[in-house]
Amino acid sequence: MAAEATSRSARSGTGWQGLVLPLLLPSWLVIGIFMLVPVALMAVYSFLTKDFRGGIVWQFSLDAYDQFFVERGLFGDEPPLPNWTYITIFWRSIWQAGLATLLCLIIGFPTAWFIATRNPRHRALWVFLITVPYWVNLLIRTVSMRFLLRDHGPFNEMLMAIGLIDSPLRIINTDLAVQIGLFYSYLPFMVLPIYAAVERYNFALSEAARDLYAGPWTVLREIVLPTVKPGIVAGCILVFVPSLGAFLAPDLLGGARTYMIGSLIDEQFRGSAGNWPFGSAVAMILLTMVLAVLLWQVRVATREKR
């Protein structure tokens, strides 16, 4: 009887897999066509040669990567030196994305906790209020933010009206403006994963800890944060990755001093530079860095489960 049950279970499992695999085929096709193929083309283009009229020449070359990391002078006859221009742009993108992630976490965690602890009948309304501004296109929202932060915009006018400042603050074309744009653009990506994690949290654990004379900070550090850590990690990744490659906020709210890696890539394909191999190489360097961060997180998570 046991053998028959095992055999029947194995057959049913095989039948279920046979049903699921065809259903997954459309998803695999979409992923392959719209993600893997473009990434593969980008990788190929990064090893080609730039045409002096724009576009590419189908000739293998490492010039695009060499241009990013090494500076050889205008005519290529000077000793090679680190190309600090592009390295600085990359570093600026990293710390801007990291700071945006930190700010979103500082604001997003209390917001998610507040929503998750409301009456279940009202939680959907709070989530709706968090997400409804983001139904508007990102470009429109970024342009609106520029209007709000300009020298004689509503923000400066309000500060002068209440007497906090005597003259308008210079916010546009600064790192602060870019940071505000990134924070505003990706805050829901932090709130929603943390909210989902907090909603599943067993608040009886906090009550038990307080009964054992644990203080609020001890409960937060030793019980709450380890329990909702998956939501925090997911939120940080969802904010850091798009912030790292963002170009609308740097272009519309920043200036030449706030140039980020996304703006550099965009300029190579749509701007006057027209250097597709170099733009592809920069995109592949950015993609490699993002994949390294994700693989590191997967390794850490796997190690913690053991």
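Nothing in this text is a laboratory measurement; each read-out follows from the coordinates by a stated rule. From a predicted model like this one, the values you see are computed outputs, not experimental measurements. Positions of Cβ are backbone-derived with ideal geometry, glycine not excepted, and every protein chain shown enters the neighbour counts.
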Comparing Glu71, Glu207, Glu157, which has the greatest mean-square fluctuation in the GNM of the chain with Cα pairs linked when under 10 Å apart? Glu207
Among 259-269, 208-218, how do they line up from the highest to the lowest mean number of other beta-carbon atoms within 10 Å? 259-269, 208-218
GNM result for the chain, Cα springs below 10 Å: residue of Thr142, Thr258, Thr88 fluctuating most strongly: Thr88
Sort Met289, Met35, Met190 so that the residue with the fewest other Cβ atoms within 10 Å of its own Cβ comes first and the one with the most comes last. Met35, Met289, Met190
Label-point separation in nm, Thr131 to Gln297, each point 7 Å along Cα→Cβ: 2.0 nm
Filtering the chain for DSSP H helices with an axial alpha carbon extent of at least 15 Å and a Kyte-Doolittle mean of at least -0.5 returns 2-31, 84-116, 120-131, 138-149, 175-199, 225-244, 276-305
CD proxy at 222 nm, helix term only [per DSSP H run n ≥ 4: -39500 (n - 2.57); per residue of the chain; nearest 500]: -23000 deg cm²/dmol
Here are some values of Kirkwood radius over Cα pairs in Å: (i) 23.5; (ii) 19.3; (iii) 22.6. Which one was computed from this structure? (i)
Taking amide H positions as placed in the peptide plane 1.01 Å from N, state which residues far from Lys50 in sequence (5 or more) or on other chains have amide H under 5 Å from it. Val57
Checking Leu252, Leu164, Leu129 against a Gaussian network model of the chain (alpha-carbon springs below 10 Å), the top fluctuating residue turns out to be Leu164
